[in-house]
Every structure is written in C-alpha cells, then in structure tokens.
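Just below is one structure, and these are the notes that go with it.
The values are calculated or read from the model by the stated rules, or taken from the named source; none is laboratory data. Worth saying up front: this structure is predicted, and the values here are computed from it rather than measured. All Cβ positions, glycine included, derive from the backbone under ideal geometry; neighbour counts span all protein chains shown. With ligands, DNA and RNA removed, areas are computed over all heavy atoms of the protein, side chains included. Shrake-Rupley method; radii C 1.70, N 1.55, O 1.52, S 1.80 Å.
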Amino acid sequence: MSQTFPNYINGEWVTGPTFENRNPANTDELVGLHVKGTAADIDAAAAAAEAAFPAWAGLTGPARGAFLYKAADLIEKRWDSIAADMTREEGKTLPEAKGEVGRTINILRYFAGEGSRMPGGVVPSERPRVHMWAFRKPLGVVGLITPWNFPSAIPAWKLAPALLCGNTVIMKPASVSPLSAWRIVEAFHDAGLPKGVFNFVCGSGGTLGAALINAKPVKAISFTGSCEIGHWVHAEASKRRMRIQLEMGGKNPTIVLADADFNSAVANVVNAAFFSTGQKCTATSRVIVEDAIYDKYVAALVEATKKLKVGDGIKPGVDIGPAIDEGQLKTNLDYIKIGQEEGAQLLCGGEHLTGTGPNGEDLSKGYYMQPAVFGGVTENMRIAQEEIFGPVLAVLRASDFADAMRIANNIPFGLSASIQTSNVSRVFDFVYGAEAGLLTVNLPSAGVEYQLPFGGTKDSSFGPKEQGPAAMEFYSDYKTVYLKY
Ligand code: NAP
C-alpha cells in the first residue's frame, strides 16, 4: 500500500482525492499519492495564513528563527531518507539529492540567523533632536510556486526568508515532485510551528495558481519555473498590483578560450551540461569555443560525454538519471531531430535508451536518454536559442573573445554564464560584459551557494533577487520613522 501525503492547511493534515507521484527511473514504482488540492483549499489556506499573520509577525526575529533552526535539525536527522525520496521522485542521483538536502539545511540555518540581523538602521538627521531610522516589516500572506528540478532547495530558499521576515505562507509545489517539499512541511509541523503560518497545497498548477493569485489575503507571489508560465503569472498578478518575483528559464553559455586550463574546461562543461540530466536552470546548454582549440576541445568533450553512465540514480556508479517525465524526454528527443534538421552535427548521444543500465536496471521502464553533443551549431539555430532543459549541448565556434561574448549575449535569456580562461583581463571583460545574473569563472556554470543573491536578467527573471541578504528585499518592506525628542 502506497502512502498518501495530505495537504497542510491551518496546522491540519487535509485529505481528499489523490494523484500519483511515480519514479521517473522506473515508472512501475509509485513513490506516493498526494492529495489533489482545489481552489477552495487555497482559499482556506489564505484565510488561515491571514489569521495567523499578526501573531507570527509579532514574534521577534530570533524567535521566528528558532523554528527554522528546529526544522533544519529535524531535516538533518532525516537526511538520508529525504534524499532517497528525492531521487525516487525526481530522478537525480543519490549523491546529488544528498547534496541538495544539505543545501536545504544550510539555507534554513542561514535565514534563521538573519532573524538577529534584520537589515535597517539609524542615520543622522539634518535637524537637531530628530532621530530617524528605517526598519523592515513583513508583507502579510505570500504565495510560493515552485518547480520540480530542485524540489527541496527551491521551496526552502523561498520559504525561509518569507517566514523569517514575518510573513505567513501558502506553498504550491510542482506536481511531478511534491514529496521533497512535503518533507519540509513535515519538519516544520514537527518543530511546532504555529497553525496557519505555513500552508501547503498540492495539485494542478493552472487551478491552484489562479486561485493563489486571486486569493485576497495574498500580497505577493514568488514563482520559479518556465518563462511561459512565469509570464502568465506576471500578467495575472499585475492585475492585482501584487509584489511579484519570477525566476525562469535560461540558455546559459560557457565560453572556452584557448588559454584555459584544458582539462578543467572539459570537466566543468560536462558537469554543467549533463549532471542532474541537464535539468538545472543554470546548466550550460551552449559552449562557445575559441577557434584555435575548437577541434581538440570538441574531441575531448565528446570523449568525456561518451563515458557518462546513464541509469537509475538510486544505484551506485551512475552519473546521470532519467528525464523527469515522458513530456520532457519527448522534448529532448524532439530537439535532437530539430538540431539535425537545422544542419548541426550530432557528435554523440541523443538516443532514447531502453536496454539494460549499468546496474542491470531495465531502462525501458524509465525516461532515459544518452547525453548529446551537437557540433557545428550556429547562433540562430533553435538548439542555440531555445531552452531544452535536458542533456543536449550545443557547441559553437567563435573567432576570438569578442566574437564569443557577442554570441554568448545573443539570446533572450540572462540567467547564468561562465568563462574558462587564465587571462585575468578577459575575466574582467567577461564579468562586466556578460548579460547574465550569475557568473562563474573556471567553474561549472551551475552550482551556486545560498549566501549571495541568486537570479538572472533579461527574460530569465523579474523582481528582486532570491537568496543571500537580497532575499529580504522581496519578503519585506521598509518603514521609515522621523522622531522629534
Ligand atoms: P513550470 O511548468 O513553469 O511549473 C512551475 C510551477 O508552476 C509548478 O508548480 C507548476 O505546477 C506551476 N504552474 C503551472 N501552471 C501554472 C499556472 N497557470 N499558474 C501558476 N502556477 C502554475 O516549470 P517546471 O517545468 O516545473 O520547471 C522547469 C522550468 O523552471 C525551466 O524553465 C527552468 O529553467 C525553470 N527553473 C528556473 C529556475 C531559476 O531560478 N531561474 C530554477 C529552477 C527551474 P504543476 O507542476 O502542477 O504544473
């Protein structure tokens, strides 16, 4: 009998009709059943969150932080089982899932500490005997909509600053991987969080998203997901003049210059393009290689890519798990055809895998494909312009650094960008010239930490950044006081 995971509204576990959460590595395995929430559940959650707000906002920052510390401790105790659940519902390898749970714990502790450091401050007045200062106050009820690819870290990096600032929350996780976020809810429940402060409703994005945006008590929406849905959320939420934060898609470049450390430039791109099955918003999907080393670099890249082991990520020795679902696998395979039709050369991979995996697993039961590298890609091809969100890498040739920068910036997105070089002037030219919010140098384009602002530019993002001290910007507002004494 499979476990049913209820919704969480006003501190109560709420049951109802369910939907299935299946393992993308083996669809015979039912990971669990989740209760399919309704618009009425969102309204109930909004009423509960509104009622809980004054008391929660009235606690001191450190008192709110204490709940985050407690939840982090509980997640730490449950680390291995939460990570295994994540691999079973999302498909990423177990080491990747363990790393993500560790990140969730760190995020909760980081923001718990912010409770004692809420930004604000006293400044000198021009007038005698006037004391003036600004401090932060919460917004009220906030709605959080999260995607499936980081099913624990993204819910955590929205929830933690939202709660810490004194807001009450309604979270709507992605339908294909809701269990990892449910484990966070469970931890906060076990930590004794007051009723109504954190509400959690699973179910159809279309139905619940509209209900969340239209629920009167909800003052702000933070969304991470595709550009298509993000732009819809923006249009709808703007009608109510809500505060909006959107983190969306990317088509992230890595520039490889001839003076780069060759081996790490290969390893960093393989890591950034293919780990987590290419399903990271910060993944490299275009590598732009300086002409002088193009042939040698592409040969090494293809050789390294061919060595990647694709299989069930719960088992040892696997580098890459399955795509999240049938739709994403079909998208990936469609882009293999599109790239070939556009005239790019498929240098390796791109096959739908249905045979036997590295640990004897039956790959036909999951959504597996061999990571693909396309050479001879030109900058206006669809495989160089559109987000695929799978293990499909486009390699482009650049005559020199200036050409590489031009190609790197010639996309509508601006999430992450990377350069591999040993020339410090090129590093600075890149840092100041790249049109992206997250930059890496001699590292993979993916793999950020929680202590600094996170987010993109251009079509990838809208509103204040997430994570680090910047996260407080979205979840709170200033009050400014002038006092004559
Ligand atoms: P998605 O399809 O846009 O879904 C994201 C969330 O929105 C899910 O919870 C989804 O619910 C919900 N949703 C669907 N329709 C909605 C509607 N009409 N109103 C409100 N919410 C709605 O994205 P995804 O497939 O989960 O995630 C992959 C995308 O996320 C990629 O484009 C990736 O680049 C992006 N991403 C960006 C970042 C970043 O920080 N920039 C991080 C991670 C991922 P259902 O699951 O029920 O449909």
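With every protein chain kept in place and ligands, DNA and RNA left out, what is the accessible area per residue of the range 267-362? Probe 1.4 Å, answer in Å².
Roughly 41 Å² per residue, with all protein chains present.
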Report task. Treating only the Cβ atoms of Lys and Arg (+1) and Asp and Glu (-1) as charged, compute the dipole magnitude of the chain about its Cα centre; round to the nearest 20 debye. Result -> 1960 debye
Report summary line: With a 1.4 angstrom probe the carbon and sulfur portion of accessible area for the chain, in percent, totals 54 percent
Report task. Positive end of the charge dipole of the range 233-316 (Lys, Arg +1 and Asp, Glu -1 on Cβ, about the Cα centre): tell me which of 316, 264, 234 has its Cα farthest that way. Result -> 234
Report task. Rounded to whole Hz and in sequence order, give me ³J(HN,Hα) for the range 407-418 from the Karplus expression 6.51 cos²θ - 1.76 cosθ + 1.60, θ = phi - 60°, writing x for Gly and Pro. Result -> 5, 4, 7, 7, 8, x, 8, x, 8, 10, 8, 9
Query raised in the report: Any idea how far the Cα center of the range 430-485 sits from the one of the range 230-307, in Å?
Result: 19 Å
Query raised in the report: Using unit Cβ charges (K, R positive; D, E negative) and no other charged atoms, how large, in debye to the nearest 20, is the dipole of the range 252-449 about its Cα centre?
Result: 260 debye
**Report entry** Selection from 381, 352, 149 lying farthest towards where the dipole of the chain points positive, charges on Cβ
**Finding:** 149
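When only C-alpha pairs under 8 Å and at least 6 residues apart count, what is the relative contact order of the chain, in percent?
So the answer I get is 18 percent.
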Query raised in the report: Which of the peptides 264-272, 88-96 is most tightly packed, and how do the rest follow, judged by the mean count of other Cβ atoms within 10 Å per residue?
Result: 88-96, 264-272
**Report entry** Sum of -39500 (n - 2.57) over DSSP H runs of 4+, divided by residues of the chain (222 nm, nearest 500)
**Finding:** -12000 deg cm²/dmol
Query raised in the report: What residue among 38, 178, 199 has its Cα farthest toward the positive end of the dipole of the chain, where the charges are +1 on Lys, Arg and -1 on Asp, Glu, each on the Cβ?
Result: 199
Query raised in the report: Too long at a 25 Å Cα-Cα cut-off: which of 98/137; 77/158; 92/365; 219/251; 98/172; 158/280?
Result: 98/137; 219/251
Report task. With θ set to phi - 60°, apply the Karplus curve 6.51 cos²θ - 1.76 cosθ + 1.60 along the range 107-115 and write out the HN-Hα couplings as whole Hz, x wherever there is a Gly or Pro. Result -> 4, 4, 5, 4, 6, 4, x, 4, x
Report summary line: In degrees rounded to 10, the 0-90 angle between helix 153-164 Cα long axis and the longest Cα principal axis of the chain is 20 degrees
Report summary line: In nm, the gap between the two label points placed 7 Å beyond Cα toward Cβ at residue 307 and residue 352 is 3.0 nm
Report summary line: Within the chain, the percent of DSSP beta bridges that are antiparallel, given to the nearest 5, stands at 45 percent
Report summary line: Nearest 10, in degrees from 0 to 90: the angle of helix 205-214 to the longest Cα principal axis of the chain is 40 degrees
Report task. Would you tell me the accessible area of residue 440, worked out with a 1.4 angstrom probe on the heavy atoms of the protein chains, in Å² to the nearest 10? Result -> 20 Å²
Report summary line: The Cα radius of gyration of the range 252-449, divided by 2.2 N^0.38 Å with N its residue count, comes to 0.98
